[in-house]
1. Taking 1 over the mean of 1/r across every pair of different Cα atoms in the range 156-210, what Kirkwood radius in Å do you get?
2. Which peptide among 111-120, 180-189, 163-172 comes first, and what is the full order, when sorted by highest mean count of other Cβ atoms within 10 Å?
3. With a 1.4 Å probe and all protein chains kept in place, how much accessible area does Phe173 have, in Å² rounded to the nearest 10?
4. Would you indicate which of (i) 19.4, 65; (ii) 19.7, 59; (iii) 19.0, 69 is the value of Rg and Dmax of the Cα atoms in Å derived from the coordinates of this structure?
5. Over the chain, what relative contact order in percent results from Cα pairs under 8 Å that are six or more residues apart?
6. Placing unit charges on C-beta atoms (Lys and Arg positive, Asp and Glu negative, everything else neutral), compute the dipole magnitude of the range 31-163 about its Cα centre in debye, rounded to 20.
7. Rounded, prolate or oblate: which fits the range 238-324 when a ≥ b ≥ c are the square roots of the eigenvalues of the alpha-carbon gyration tensor, with rounded for a/c under 1.5 and prolate only if a/b beats b/c?
8. Mind putting a number on the dipole of the chain about its Cα centre? Charges go on the C-beta only, +1 for Lys and Arg and -1 for Asp and Glu, and I need it in Debye to the nearest 20.
Amino acid sequence: MAIVLTGCSADGTSPTASAAPLRLGYLTRITHATALVGIADGFFTAQLGPRVNLTAQPFSQGTEEVTALLSGQLDAAYVGPNPAFNGWQKSGGKAIKIISGAASGGTSMVVKPGITGAADLKGKTVADPALGGNQDVSLRDWLARNGLKTNIRGGGDVSVKPTSPESAIVEQFRSGQIAGALDSAPFDVQMIKAGAVRLWSDPSTITVLVVRQDFLAAHPDTVAALLRANVQANDRIATKPEAAAQSANTTLAKTLGKGLDPDVLAASFQETTFTNDPGMASLHELVTKAVALGLLQPLDINGLFDPEPLNRILAATGKPQVAA
């Protein structure tokens, strides 16, 4: 389902039929709350104005978003770093650019009570959302650093089970099929509500905003407007977190047919840091881990993040700039 959002001019007129399109992808989870709030509170439509026809399209996985970006079906997307790395690599660095951060953290390893460390998981099955995704890389790296082997077929000392949709991970935990999972808000919080305990939290960058390079070159003003809305949404989350949480839940309810329970919503926001900085140190660390695990071919991500459009927006509003 796609949410079509059209801007209105100052005199209340509707955009013309020739309004330029902007197709924006996002995932239906709290770590994408920048997008969820931007949609619900009208920041995107207000900044883009009547000359841009915005279609906000929800996805269940970042890999699907990157496929849509590479095939020209999306212009921009909120996506996890590892899918962005894959898109950068597949296109030889020519298809996409990261233009802003959105969120870090918001991800936890949650397990059955009584499990106190990696050693307790030997011979057990754990889950994450997708093979080669952020959580998958972090989980396998943590297990490896604790002397436990995994493989992409689910074998090894600990069986890692990539599972989609993510709601199925919660159900598998409730039914005892898995001993735990590394997942992001709200799914880790829902597992805790179902009796899991948090073993550790992952502070890594979890969501970035990317745009197709050809779209950035052809429509720099539209990208600047998108970035202004991105900054506004993060400001709203920082200054009015409870109202922002409700706005995010409104978008989830419209998209999924049901929002999150109030306690899950609050805890999901509390564990997530929303930021315009994509955190290049974190991104380089994620690449290093993925390559070491054999989940990514050796990759140089220098140049993947273009800080100039964002820094112009930040400078104009008196905010600190971010480094490439």
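1. It is 12.3 Å.
2. Values: 111-120: 14.4, 180-189: 28.5, 163-172: 18.7.
Packing order, densest peptide first, comes out as 180-189, 163-172, 111-120.
3. Taking all protein chains as shown, Phe173 has close to 20 Å².
4. (i)
5. The value is 26 percent.
6. Computed charge dipole of the range 31-163: roughly 380 debye.
7. Oblate, since a/c reaches 1.5 and b/c is not below a/b.
8. Computed about the Cα centre, the dipole is about 400 debye.
The values are calculated or read from the model by the stated rules, or taken from the named source; none is laboratory data. In this text the structure is predicted, and so the values were computed from the model without any measurement. Cβ coordinates were reconstructed from backbone atoms using ideal geometry, including for glycine residues, and neighbour counts include every protein chain displayed. In case anyone asks, the SASA skips ligands and DNA or RNA and just uses the protein heavy atoms, side chains included. Shrake-Rupley method; radii C 1.70, N 1.55, O 1.52, S 1.80 Å.
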